[in-house]
1. Restricting the search to the range 70-93, which residues are among the aromatic types (F, W, Y) and either over 22 Å from K126 (Cβ atoms) or surrounded by fewer than 21 Cβ atoms within 10 Å (Cβ to Cβ) (or both)?
2. For the range 30-83, which residues satisfy the criterion of being of a type in the set (S, T, N, Q) and within 15 Å of the chain's Cα centre (by Cα)?
3. So which pairs qualify, if the first residue must be in the range 15-32 and modelled with pLDDT of 80 or more, the second must be assigned to a helix (DSSP H, G or I) and loosely packed, with under 15 Cβ neighbours inside 10 Å, the Cβ gap must be under 8 Å, and the two must be at least 6 apart or on different chains?
4. I'd like to check which strands (runs of 3 or more DSSP E) are fully inside the range 47-146 and have at least 1 residues that are at pLDDT 95 or above and farther than 24 Å from N36 by Cβ.
5. Quick one: in the range 55-69, which of the residues that are in contact (Cβ under 8 Å) with a residue 60 or more places away in the chain and surrounded by fewer than 22 Cβ atoms within 10 Å (Cβ to Cβ) is nearest to A21 (Cα to Cα)?
Amino acid sequence: MAGQSDRVGKRRGGFSGEELAAMKDRIRELNAKSKNGEQDVLAAIGKMEEPARSMAKQIHELIKSTAPGLQPRTWYGMPAYANGKDVVCFFQNAGKFKARYSTLGFSDKAHLDEGNMWPTSFALNKLTAKEKARIEELVRKALAGK
């Protein structure tokens, strides 16, 4: 509701300030002439605060090496990785929406299906060898159905 605040930020027309900023980022992305997704992703990562910035850099390199066919680009101001026009996965830093943890999310274009219910977003507080191996596994699985 207009004028009320919540734990995320001031609400305007049902959207928090952070949500409005993400929508504005998306509009800029759609209107941008930039064809250098790698440069855009690295710029988005550079704007993050630690520890999200280091985590995003590691995830960026991990996805590039695991799935070199995915094109880096930004999506709502976040690092994302697309197969053609379709975003497959994205990193959302905790600071973006003042969240408790960062997330690695997968769109409906990712083939992570497991029966009738499966996770599409994974909380990240720290990247160890175990989490990196899991991310590689998820990215490979996401693309396996193509």
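1. Answer for the range 70-93, where residues must be among the aromatic types (F, W, Y) and either over 22 Å from K126 (Cβ atoms) or surrounded by fewer than 21 Cβ atoms within 10 Å (Cβ to Cβ) (or both): W75, Y76.
2. Matches in the range 30-83: S54, Q58, Q71, T74, N83.
3. F15/M23
4. 102-106, 121-124
5. As a first pass, look at the range 55-69 and keep what is in contact (Cβ under 8 Å) with a residue 60 or more places away in the chain: 55, 58-59, 62-63, 66-67, 69.
Those left that are additionally surrounded by fewer than 22 Cβ atoms within 10 Å (Cβ to Cβ): 58, 62, 66-67, 69.
Working: Q58: 25, L62: 28, T66: 31, A67: 30, G69: 30 Å.
My answer is Q58.
The values are calculated or read from the model by the stated rules, or taken from the named source; none is laboratory data. None of these values were measured; they are calculated from a predicted model. Here the Cβ is made from the backbone with ideal geometry for all residues, glycine too, and neighbour counts use every protein chain on show.
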